[in-house]
Amino acid sequence: MMIVPRKSNAGWKNPFYELDKFQRDLNRFFDLGQGMADQDASLLAGYWTPAVEVLDHKDNVIVRAELPGLVKEDIEVTIENNVLSIRGEKKQEHEQKEAEVVRSERYYGVFHRAFTLPSSVDSARVNAKFHNGVLELTIAKKEDAKPRQIRVEVK
């Protein structure tokens, strides 16, 4: 039997990995209110953390949150003092069947994600879309914060 080593990305490390991990740990700590740090404990307590993606474009900031199984009425989005908060609850479906749940890896319960927005965004100009379980928020940047090109003349 010949063992072939797997190729890995061991030589490459995401420079934001530690910062992302710290953010997740902080979110989990404050979301639970009790300081439970492991994901299994948060599931037992009825909390879950949806995956989020934040993109910084020239004209706007886009925030996408994966919220499968939710409807728009289950979601609350607020911006206060440049802090974007996404809250909601994924309710467990109660089917009347004569079956016992043997294993369930689905997430249910309340969630809360909060992000500090850069001062360059205009929190009054927000567009929200919810489609196929993905919430997409487009937050426009202030005109004076957008990059400008300045022509330099050579004499």
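The values are calculated or read from the model by the stated rules, or taken from the named source; none is laboratory data. Only a predicted model underlies this, so the values are computations on that prediction, with no experimental measurement involved. Heads up, the Cβs are rebuilt from the backbone with ideal geometry, glycines too, and the neighbour counts pull from every protein chain shown.
Restricting to the range 138-155, give me the number of residues that are in a loop (DSSP other than H, G, I, E, B), of a type outside the set (S, T, N, Q) and exposed (fewer than 11 other Cβ atoms within 10 Å of the Cβ).
So the answer is 8.
Find all pairs meeting these conditions: Cβ atoms under 9 angstrom apart; at least six residues apart or on different chains; first residue within the range 79-99 and on the phi < 0 side of the Ramachandran plot and not assigned by TED's automatic domain parsing to the domain that holds Glu136; second residue modelled with pLDDT of 85 or more and assigned to a loop (DSSP other than H, G, I, E, B).
none
For residues that are surrounded by fewer than 10 Cβ atoms within 10 Å (Cβ to Cβ) and charged (D, E, K, R), tally how many sit in the range 79-121.
8
Among the residues of the range 80-111, which ones are more than 15 Å from the chain's Cα centre (by Cα) and among the hydrophobic types (A, V, I, L, M, F, W, C)?
Ala99, Val101, Val102
Looking only at the range 54-65, which residues are at pLDDT 95 or above and not hydrophobic (A, V, I, L, M, F, W, C)?
Arg64
Here's a check for you: in the range 93-143, which residue that is more than 19 Å from Thr78 (Cβ to Cβ) and among the polar types (S, T, N, Q) is modelled with the highest pLDDT?
Asn132
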